[in-house]
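Asker: Have a look at this one.
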Amino acid sequence: MRITIFGAAGQAGSHTVAEALDRGHRVTAVLRTPDRAREIPRAAEVRIGDAANPEDVADLADGQDLVISATRPAAGRESELITTATGLTAATARTGTRLLLVGGAATLTVPGTGGVTVMDEPGFPESLHAIARACADQLAVCRAATGTDWTYLSPPAQLHNGARTGRYRLGRDALVVDRHGRSALSYADLAVVLLDEAERSAHRGMRFTAAY
């Protein structure tokens, strides 16, 4: 496939670029500025663009099979998630390109709580409230989009640097936890989840999640 990846130099994005290249896909790695271009594998085409700008997205999505967005705003700029989701959905609707968006876990329900979400659980860190609310609005933008072939991946509660195992379990709107109550994936395995979804198209027009 021809895949455009926004946020290509971030933790999730860089692993996704590597996984896509390893599978033989043609990757366009998009950065906001050229500062980190040297970090991108030479097999990928590097382009400069802003996922919040519909014109940039339309240009970089045109003729592609899939757009993956793995952008993450800096603290204090959480509202960029909503602007970016709006730009991505509008532009990919124009070009007819499928959109796979990496979002947040805050709106997933916690098993055994009767439907309480991660962000509404007692003890949820105050410092994460802004990004959690922004992720909730980001998901709402996708669900309200018309004419957009979208999929929204909510990651597990914890992402970490670790080995690629290629193993994971899938869920829809509830946090996936192991027998100890943990919900986690390595960034490498998050990339596996993304590329498996890219190739299998199992969750079009919906949100899903994954963890070990």
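The values are calculated or read from the model by the stated rules, or taken from the named source; none is laboratory data. All values derive from a computational prediction rather than experimental measurement. Neighbour counts are summed over all protein chains in view; Cβ atoms, including those assigned to glycine, are modelled from backbone coordinates with ideal geometry. Heads up: the accessible areas ignore ligands, DNA and RNA and are worked out on the full protein's heavy atoms, side chains in. Shrake-Rupley method; radii C 1.70, N 1.55, O 1.52, S 1.80 Å.
Asker: Can you report the number of residues in region 80-96 which are under 16 Å from the mean Cα position of the chain (by Cα) and either polar (S, T, N, Q) or part of a loop (DSSP other than H, G, I, E, B) (or both)? Steps first, please.
Answerer: Quick first cut of region 80-96, residues under 16 Å from the mean Cα position of the chain (by Cα) only: 80-89, 92.
Pick out the ones that are also either polar (S, T, N, Q) or part of a loop (DSSP other than H, G, I, E, B) (or both) and you get 83-84, 86, 89, 92.
Number of matching residues: 5.
Asker: Now, a different point. For region 65-83, name all the residues that are out of contact with any Pro (no Cβ under 7 Å at 6 or more places or on another chain), closer than 15 Å to R133 by Cβ and open to solvent by less than 40 Å² (accessible area, probe 1.4 Å).
Answerer: P73, E78
Asker: Can you name the number of the only condition in (1) without any contact (Cβ under 8 Å) to a residue 60 or more places away in the chain; (2) under 19 Å from L190 (Cα atoms); (3) touching a Leu at 6+ places or on another chain (Cβ under 6 Å) that V102 fails?
Answerer: It fails just one condition, (1).
Asker: Moving on. Among the residues of region 111-142, write down those that are more than 19 Å from A70 (Cβ to Cβ) and charged (D, E, K, R).
Answerer: Passing the criteria: D120, E121, E126, R133.
Asker: Considering every residue within region 35-49, establish whether at least one is within 22 Å of G104 (Cα to Cα) and modelled with pLDDT of 95 or more. Full working, then the answer.
Answerer: Filtering region 35-49 for residues within 22 Å of G104 (Cα to Cα) gives none.
So far as region 35-49 goes, no, none of its residues is within 22 Å of G104 (Cα to Cα) and modelled with pLDDT of 95 or more.
Asker: Now for a separate question. In region 84-115, which residues are hydroxyl-bearing (S, T, Y), farther than 15 Å from R207 by Cα and buried (at least 18 other Cβ atoms within 10 Å of the Cβ)? So that I can check it myself, show each step before the final result.
Answerer: Quick first cut of region 84-115, residues hydroxyl-bearing (S, T, Y) only: 84, 86, 89, 92, 95, 97, 107, 109, 113.
Imposing the further condition that a residue be farther than 15 Å from R207 by Cα reduces the set to 84, 86, 92, 95, 97, 113.
Those that are hydroxyl-bearing (S, T, Y), farther than 15 Å from R207 by Cα and buried (at least 18 other Cβ atoms within 10 Å of the Cβ): T84, T86, T92, T97.
Asker: Kindly evaluate A20 against the criterion of being buried (at least 21 other Cβ atoms within 10 Å of the Cβ), assigned to a strand (DSSP E or B) and under 17 Å from the mean Cα position of the chain (by Cα).
Answerer: Working: buried (at least 21 other Cβ atoms within 10 Å of the Cβ): yes; assigned to a strand (DSSP E or B): no; under 17 Å from the mean Cα position of the chain (by Cα): yes.
Taking the combined requirement at face value, the residue does not satisfy it.
Asker: Turning to a different aspect of this structure: Only one residue in G103, G96 is modelled with pLDDT of 95 or more and in contact with a Cys (Cβ under 6 Å, 6 or more places away or on another chain). Which one?
Answerer: Answer to the selection: G103.
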